[in-house]
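Read the structure below first, then the notes.
The values are calculated or read from the model by the stated rules, or taken from the named source; none is laboratory data. If you're wondering where the values come from, they're calculated on a predicted model, not measured in any experiment. In this analysis, Cβ positions are derived from the backbone assuming ideal geometry, glycine residues included, and neighbour counts consider all displayed protein chains.
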Amino acid sequence: MGKLSEVVEFVSGSPQFRITEVFDTNAPLYTYYGQLDLADDLVDIVSSNVDNKQVRTQDKVNTLCTGDVVFSLISGVSTIVRKAHEGYLYTQNYVKLIPNENVDPQYLVYLLNENKLMKKQFLRGLQGSQVLKYTLKQLKALRLPELPSIEKQQMIGQVYFNQLRLQALRNRVANAETTILLAKLEGASGK
């Protein structure tokens, strides 16, 4: 079993406290990538009314591209960045993972989010710490299970993302039905 650091390159996010904000309207405007964006990317849905912080800066900052694998050190969840979040600035709470050619990006997300062996290693690392936050060191040290062929990885990764999207769409429909039903009931009780 190899380590994650053997098949993945890590790029940490920009330290937020080091970003110098400027008020010059010619300076580039960046939108911060957040937990809601990560959740949306996982299911390929764009939530309305997400209120992202923005910053204008001349500093060189780390941004995301469509297709990047990103891992949240806050929630321990990873995803693939969608077109909607192209160019977003990611802070030190996130890490970009660049897998080598032997690892499919969607499969990598599936492993990090769902694999029992990986989860166990994460939990072991969190024991005894006051702050439930993951570290880059922990991430790099993760031991990988035996990797299937790239074709099989692609199949599993594809199915995983399709299922997440399907589940999210079903939840949306169920929530909408509940809202409509409650509105009808409230209307009926008013008579």
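Within the group Val61, Val69, Val50, which residue is surrounded by fewer than 18 Cβ atoms within 10 Å (Cβ to Cβ) and aliphatic (A, V, I, L, M)?
Values: Val61 fails: surrounded by fewer than 18 Cβ atoms within 10 Å (Cβ to Cβ); Val69 fails: surrounded by fewer than 18 Cβ atoms within 10 Å (Cβ to Cβ).
Sole residue among the options that is surrounded by fewer than 18 Cβ atoms within 10 Å (Cβ to Cβ) and aliphatic (A, V, I, L, M): Val50.
When region 1-40 is limited to residues that are more than 16 Å from Ser78 (Cα to Cα), assigned to a strand (DSSP E or B) and not hydrophobic (A, V, I, L, M, F, W, C), the one that is modelled with the lowest pLDDT turns out to be Lys3. Pairs linking a residue in region 75-86 that is outside any helix (DSSP H, G or I) to a residue that is among the aromatic types (Phe, Trp, Tyr), with Cβ atoms under 7 Å and 6 or more positions apart or on different chains, are Gly76/Phe122; Gly76/Tyr134; Ser78/Phe71. Within region 84-104, count every residue that is of a type outside the set (A, V, I, L, M, F, W, C), touching a helix residue (DSSP H, G or I) at 6+ places or on another chain (Cβ under 7 Å) and farther than 20 Å from Gln54 by Cα. Matching residues across region 84-104 total 4. Applying the condition of being within 20 Å of Thr79 (Cβ to Cβ) and not in a loop (DSSP other than H, G, I, E, B) to region 127-153 and asking which residue is modelled with the lowest pLDDT yields Gln138. Filter region 154-191 down to the residues that are loosely packed, with under 11 Cβ neighbours inside 10 Å and either within 18 Å of the chain's Cα centre (by Cα) or of a type in the set (A, V, I, L, M, F, W, C) (or both) and list them by number. Across region 154-191, the qualifying residues are Val173, Ala174, Ala176, Ile180, Leu181, Leu182, Ala183, Leu185, Ala188. The criterion of being in contact (Cβ under 8 Å) with a residue 40 or more places away in the chain, touching a Phe, Trp or Tyr at 6+ places or on another chain (Cβ under 8 Å) and of a type in the set (Asp, Glu) does not hold for Asp40. When each of Val61, Val103 is tested for being farther than 25 Å from Leu123 by Cα, at pLDDT 95 or above and not in a helix (DSSP H, G or I), the lone residue that passes is Val61.
Could you pull out the residue among Ile45, Ile19 that is of a type in the set (Val, Ile, Thr) and within 15 Å of Gln92 (Cα to Cα)?
When all the criteria are applied, what remains is Ile19.
Look through region 1-47, keep the residues that are of a type in the set (D, E, K, R), touching a Ser or Thr at 6+ places or on another chain (Cβ under 7 Å) and surrounded by 19 or more Cβ atoms within 10 Å (Cβ to Cβ), and return whichever of them is farthest from Thr66 (Cα to Cα). Give the derivation first.
Of all residues in region 1-47, those of a type in the set (D, E, K, R) come to 3, 6, 9, 18, 21, 24, 37, 40-41, 44.
Subsequent filtering for residues that are touching a Ser or Thr at 6+ places or on another chain (Cβ under 7 Å) retains 21, 40-41.
Within this subset, residues satisfying the condition of being surrounded by 19 or more Cβ atoms within 10 Å (Cβ to Cβ) are 40-41.
Numbers: Asp40: 13, Asp41: 10 Å.
The qualifying residue farthest from Thr66 (Cα to Cα) is Asp40.
Can you tell me which residue within region 137-153, out of those that are free of Cβ contacts under 8 Å to residues at least 40 places away in the same chain and either crowded, with 17+ Cβ neighbours inside 10 Å or acidic (Asp, Glu) (or both), is farthest from Leu97 (Cα to Cα)? Among those that are free of Cβ contacts under 8 Å to residues at least 40 places away in the same chain and either crowded, with 17+ Cβ neighbours inside 10 Å or acidic (Asp, Glu) (or both), it is Glu151.
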